[in-house]
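The values are calculated or read from the model by the stated rules, or taken from the named source; none is laboratory data. From a predicted model like this one, the values you see are computed outputs, not experimental measurements. Methodologically, a virtual Cβ is constructed for each residue, glycine included, from the backbone with ideal geometry; neighbour enumeration extends over all protein chains shown.
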């Protein structure tokens, strides 16, 4: 069995900022494929996620939606969102399985200042190590999908870890295992891409002319992908149209950080050179 | 005025406020740089590790912000630039190269110190405003937080550079200066040399 816990990138270490192409190996990469058209809205995946990961149950109230909770939390890593949207004169649920997409270029990992608090395994799964988390929540800001959630009690951030303990044991994630309609599939990234293309073809034959695969290039692709029946209405699914995260091109902040190193060193050296040129100005000598 | 050729330069309150500002600023610089540069993350161990640095930084920042308010209240009236100060800034090259005859005579504070005061005051506003957002990110939009991080760091660069120059001039380049911030006294000779207009007022 392949080693599923070998690490490709680690936050706040040089590996975090190496472009993906330089890091890719022959190690198998996994992906989860969510075919929204097959989802019947049973929320079994939410329950399976809670059970397997032993996440605290959070009481909820009816707030006028079929949705179980209003938002993700540190104890709710998976939330089926039921967006009620008018499509061709009918009200439809445009369902989104809201959980970590496990980006190839993870914005959370790039933003994290704590070494080893966020890792990306060679299989593509992005995992938070709470024992290294310092609770700054930069990952929350860095995530283009608004997924990580801060726990005020533990002062650490959590999110879906793709049931990495199950993956390591050769099993599929709990949500995949429990889905009664096979709306969630699990396998190698290539297989899932092929399956996604096939399903998009099927949907197009059935009249969903804008059906598409959601595997956004701005984050290098993801390890949870969606088959979206109404691919022209990503906003209505609460899916960002063009999410981006990148270790490569200089952002304003990373440019400033490099400039600051130069400026600080320059000014320290500058004062030293000034001292050597002009010396200390002793009061006695002046008069 | 005092005996032994010493002049009172800073009151006890001024010294306390100065060192609260200075001490908190250095503590903030150390913990902040640790969280900005992975290679400096080890600095967090000085305060007890990463989570401790994350928790302490904003609280120390709050003390810094309050002490900056006190500092502004204490010194603002003395810090407005007059005509001679602008001439002083025009002759800054002569100040750096020690052509003292060409540098306009300074009052209690020279124009460089006054500019330092205003810049640090402005940066403090940036630090506190953006720091508040980074302290409680759940209250703010992610886009705003990214800008806040950028501005917070930009302020660090500005403040850090001023700090280097401030320490160099006060401790290394001009012996006798730092004492004014320790027991509050400076020698008459020091005053007549560095702040002649103030010295004349004292006589």
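Worth pointing out:
- Of all the criteria given as (1) more than 21 Å from residue B:61 (Cα to Cα); (2) within 14 Å of another protein chain (Cβ to nearest Cβ), the one not satisfied by residue B:107 is (2).
Table: residues versus (1) facing another protein chain (nearest Cβ under 7 Å); (2) within 20 Å of residue A:257 (Cα to Cα); (3) part of a helix (DSSP H, G or I).
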position	(1), (2), (3)
B:132	no, no, yes
B:145	yes, yes, yes
B:149	yes, yes, yes
B:152	no, yes, yes
B:155	no, yes, yes
B:158	no, yes, yes
B:162	no, yes, yes
B:167	no, no, yes
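- Residue list for the stretch A:97-118, filter: assigned to a strand (DSSP E or B) and away from every other protein chain (no Cβ under 14 Å): A:97, A:98, A:103
Residue-by-condition table, conditions (1) surrounded by fewer than 16 Cβ atoms within 10 Å (Cβ to Cβ); (2) over 23 Å from the mean Cα position of the chain (by Cα); (3) farther than 29 Å from residue A:71 by Cβ:
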{"site": "A:193", "(1), (2), (3)": "no, no, yes"}
{"site": "A:196", "(1), (2), (3)": "no, no, no"}
{"site": "A:202", "(1), (2), (3)": "yes, yes, yes"}
{"site": "A:222", "(1), (2), (3)": "no, no, no"}
{"site": "A:228", "(1), (2), (3)": "no, no, no"}
{"site": "A:232", "(1), (2), (3)": "yes, no, no"}
{"site": "A:238", "(1), (2), (3)": "yes, no, no"}
{"site": "A:241", "(1), (2), (3)": "yes, no, no"}
{"site": "A:255", "(1), (2), (3)": "yes, yes, yes"}
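- Scope the stretch B:6-35; condition over 21 Å from the mean Cα position of the chain (by Cα) and buried (at least 19 other Cβ atoms within 10 Å of the Cβ); matching residues: B:7, B:35
- Checking residue A:274 against (1) within 10 Å of chain B (Cβ to nearest Cβ); (2) in a loop (DSSP other than H, G, I, E, B); (3) surrounded by 18 or more Cβ atoms within 10 Å (Cβ to Cβ), the condition it does not meet: (2)
- When the residues of the stretch B:169-199 are filtered to those that are outside any helix (DSSP H, G or I) and touching a strand residue (DSSP E or B) at 6+ places or on another chain (Cβ under 7 Å), the one that is farthest from the other protein chains (Cβ to nearest Cβ) is B:184.
- Qualifying residue in the stretch A:208-220 (condition: at pLDDT 95 or above, part of a helix (DSSP H, G or I) and within 16 Å of residue A:35 (Cα to Cα)): no
Condition check ((1) assigned to a strand (DSSP E or B); (2) on the phi > 0 side of the Ramachandran plot; (3) surrounded by 18 or more Cβ atoms within 10 Å (Cβ to Cβ)) across all residues:
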position	(1), (2), (3)
A:150	yes, no, yes
A:160	no, no, yes
A:165	no, no, no
A:170	no, yes, no
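- Condition check for residue B:201: out of contact with any helix residue (DSSP H, G or I) (no Cβ under 9 Å at 6 or more places or on another chain) and over 19 Å from residue B:33 (Cβ atoms): yes
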